[in-house]
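Where a number appears in this text, it was derived from the coordinates with a stated rule and is not lab data. Given the structure is predicted, the values throughout are model-derived calculations rather than measurements. Every residue, glycine as well, gets a Cβ built from its backbone with ideal geometry; the counts of neighbours run over all protein chains shown.
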Amino acid sequence: MIYSLHMAMRGQTNHTVAAMRTALVGQPTLRFDAMSTIGPAPVERSVIESVTVKGREILVQWDDGIVLSTALRFSGEWHLYRTAEMWRKETYRARVVIEVEGWVAVCFDAPIVETYRQPDRKRHPQSGGIGPNISHPKTDLSGCTQRLLDYRYADAMISDVLMDESVMSGFGNVARSETLWAVGLSPFAKMADLSYEDCAVLIETASRIVRSDPDTSPSVYGRNGQRCMRCRGTVEFKIVGASRRNLYWCPDCQGRLDRRLIPSNLLQGDHTPTHPAELIYFSDAVAARKRFKIFDDLDKLG
Ligand SMILES: [Zn+2]
């Protein structure tokens, strides 16, 4: 008898995830195909470690550190079939195929499919494990702010640090772009340049965004080339950082603390700031908790 599990996602996400978990977790991967998705793939026969749900996003994680994230929104759904069973949707609509012994899981029509490598927590031995889950309404946000302030790598970009689970968990890639846009901060700002207030506002905003209605249209995520809803600038897109994930931002209204906007010749030597970009940068940095650090860095650059 052919046994089939075929479920519409709305309201049945947990059911689907439970079925996928039973079929996939602990199994070596025989086939992984994420079609046109850019990003790393799990190595052949790597074992599926977990299938989890986060809002309308389903995540599959392999033991080699690869994570597959599928944001389902309205159209996407996962189906689970027995090997060789007929699919109930057209093949061309498949965005991901995962095959293990006896089972094939297929994700159809998901608008956002990404793979990335889980940041290696072994590189942060003093980070104290995984940070609080900010999608929970009662999470200690000041604790997250403190983790962000205490981040060990002053040189790290904020867009990378937000994805580091040692700072906070329960925070996804869509929320990263949305949060940075909401606070008007450059994704390329360095940790050393962030003030206590910057960190606190980032965490509060992150928490609000991850708990907002998952069907709300993003303000900036996925809007590559379109007009910014705030300043009518043009939204840009880049794959960034160790996690190799999509980042969307508006360079026109998210220039704050972006060192790249200062002409490099002005970062050198000992002189009084006069260039407008430089003045804005320094006035932002006046509030920064590690101001001395910036001047140290600037000295080194000179
Ligand atoms: Zn803008």
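Neighbour counting of Cβ atoms within 10 Å sorts the residues Asp213, Asp155, Asp252, fewest neighbours leading, into Asp213, Asp155, Asp252. Measuring between alpha carbons in the structure, the pairs from Lys138/Lys238; Lys54/Lys138; Lys54/Lys89 lying more than 29 angstrom apart are Lys138/Lys238. Under a model in which nothing but the beta-carbon of Lys, Arg (+1) and Asp, Glu (-1) is charged, segment 137-220 shows a dipole of about 100 debye around its Cα centre.
Name the shape class, rounded, prolate or oblate, that the alpha-carbon gyration tensor gives for segment 5-117, where a ≥ b ≥ c are the square roots of its eigenvalues, rounded holds for a/c under 1.5, and otherwise prolate holds if a/b is larger than b/c and oblate otherwise. Write down the numbers at each step before the final one.
Working: a/c = 1.29, a/b = 1.16, b/c = 1.11.
Here segment 5-117 falls in the rounded category.
Dimensions of segment 152-268 along the principal axes, based on C-alpha atoms and rounded to the nearest Å, stand at 47, 34, 27, largest first.
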